[in-house]
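A.B. asks: Below you will find the structure I want to go over with you.
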Amino acid sequence: YIQIQNRISANGAIFVPIGFSRATRVGNIIAVAGTAAIGPDGRTLGINNVYEQTKYCIEIVKKAIEEAGGSLQNVVRTRIMLVDINFWKEAAKAHG
């Protein structure tokens, strides 16, 4: 049996009906759910700008990690998925 210590909610009308948590903390592990560059109003931010979308996603993840008591310095793995791999350099620049 694992005791969940902290669930970090996601903001936005689409998340409430499905019970989506942005992140969950169990012990010293924080698992962050996948995210997209979707603002609080439900609209995609940075249309046609992979760099800005990636930066926004990292900010969402950073906020969730900090709410759960961690920091970006504690992250051991990330994954970025792109619709078009030709934009990998823009995503990698923002990730760096």
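A.B. asks: Could you tell me the ratio Rg/Rh of the stretch 43-96? Both radii from Cα atoms, Rh via Kirkwood. Before the final figure, lay out the partial values.
C.D. replies: Values: Rg = 11.9 Å, Rh = 12.0 Å.
Result for the stretch 43-96 is an Rg/Rh of 1.00.
A.B. asks: If you don't mind, there's one more thing I want to ask. With a 1.4 Å probe and all protein chains kept in place, how much accessible area does LEU72 have, in Å² rounded to the nearest 10?
C.D. replies: 70
A.B. asks: Separate question: In whole percent, how big is the carbon plus sulfur part of the accessible area of the stretch 17-63, probe 1.4 Å, protein atoms only? Mind dumping the intermediate values first?
C.D. replies: Working: 1630 of 2980 Å².
With neighbouring chains kept in place, the figure for the stretch 17-63 is 55 percent.
A.B. asks: On to the next question. Each residue of the stretch 81-91 in turn: what ³J(HN,Hα) in whole Hz from Karplus with 6.51, -1.76, 1.60 and θ = phi - 60°, glycine and Pro shown as x?
C.D. replies: In residue order, the calculated couplings are 10, 10, 6, 10, 4, 4, 9, 4, 5, 5, 5 Hz.
A.B. asks: Roughly what % of Cα-Cα distances in the stretch 24-63 sit above 12 Å, to the whole percent? Walk me through the numbers before you get to the answer.
C.D. replies: Numbers: 477 of 780 pairs.
Of all Cα-Cα pairs in the stretch 24-63, 61 percent lie more than 12 Å apart.
A.B. asks: Please list, in chain and number order, the residues 5+ apart from SER9 or on another chain whose amide H is under 5 Å from its amide H, with Hs placed from the backbone.
C.D. replies: ARG22
The values are calculated or read from the model by the stated rules, or taken from the named source; none is laboratory data. This one's a predicted model, so the numbers in the text were calculated from it and none came from an experiment. Heavy atoms of the whole protein, side chains included, go into the accessibility calculation; ligands, DNA and RNA do not. Shrake-Rupley method; radii C 1.70, N 1.55, O 1.52, S 1.80 Å.
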